[in-house]
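Reviewing the structure listed below.
The values are calculated or read from the model by the stated rules, or taken from the named source; none is laboratory data. As the structure is a prediction and not an experimental result, all values here were calculated from the model. With ideal geometry, Cβ positions are generated from the backbone for all residues, glycine too; neighbour counts draw on all protein chains shown.
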């Protein structure tokens, strides 16, 4: 088994300390940092994302894999400074006003961070004004991710996206939405730029939307 495959295996099994050590070993052996990231870790999270989507693993296992990847990325980050993966951009994340759920958002945050974004997490029950202020305070933000986990907070998500769409900074950001009751049709209807059904897809979507700016 190659060192990069060992990294992938450790991520899939959610072994954070082991992943960090194997990433160091792979670097010492001269493996390309971008290849360690893409083939070893992003690839492993793609497998995990598929398993989660097919109900083959639980949220806890996906969280463990995302944490393992995060540890690996911490080791890798200094070696990626010349590559795009280290400077994918900044994203603001938050669960909309009235919604107190954060497991999904946290998982999305870890996944998006693991593909090179800097995540500014506003937390839960985030009022519209806080999302707007977040973008204004960070002019280098390229993405805003809004999450709603309850059918009762879908209106709050609609209002948040409408308010962001009305801002002068709208042309320099992309808005992505997600959460259990959210659908692609709803995302289109409220004027979001993208929707993802799970955390693995969210990381791919973030990269795609950032590339469009």
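Structure notes:
- Residue selected from the range 182-203 under the condition part of a helix (DSSP H, G or I) and in contact (Cβ under 8 Å) with a residue 60 or more places away in the chain, by the criterion surrounded by the most Cβ atoms within 10 Å (Cβ to Cβ): 202
- Of all the criteria given as (1) touching a strand residue (DSSP E or B) at 6+ places or on another chain (Cβ under 8 Å); (2) more than 21 Å from residue 90 (Cα to Cα); (3) in contact (Cβ under 8 Å) with a residue 40 or more places away in the chain, the one not satisfied by residue 147 is (2).
- In the condition set (1) touching a residue at least 24 places away in the same chain (Cβ under 8 Å); (2) part of a helix (DSSP H, G or I); (3) buried (at least 16 other Cβ atoms within 10 Å of the Cβ), residue 17 is compliant with all but (3).
- Matching residues, the range 128-155, being touching a helix residue (DSSP H, G or I) at 6+ places or on another chain (Cβ under 9 Å), farther than 18 Å from residue 198 by Cα and surrounded by 17 or more Cβ atoms within 10 Å (Cβ to Cβ): 128, 131, 132, 135, 141, 142
- Single residue of the range 20-37 satisfying the filter (more than 24 Å from residue 60 (Cβ to Cβ) and without any contact (Cβ under 8 Å) to a residue 12 or more places away in the chain) that is surrounded by the fewest Cβ atoms within 10 Å (Cβ to Cβ): 30
- Test: residue in the range 49-59 that is in a helix (DSSP H, G or I) and more than 20 Å from the chain's Cα centre (by Cα): no
- Among the conditions (1) without any contact (Cβ under 8 Å) to a residue 60 or more places away in the chain; (2) under 19 Å from the mean Cα position of the chain (by Cα), residue 5 misses just one, which is (2).
- Filter result for residue 96 (in the same structural domain as residue 166 (by TED's automatic domain parsing), surrounded by 21 or more Cβ atoms within 10 Å (Cβ to Cβ) and in contact (Cβ under 8 Å) with a residue 60 or more places away in the chain): yes
- Odd one out for residue 66, checked against (1) assigned by TED's automatic domain parsing to the domain that holds residue 44; (2) without any contact (Cβ under 8 Å) to a residue 60 or more places away in the chain; (3) under 13 Å from the mean Cα position of the chain (by Cα): (2)
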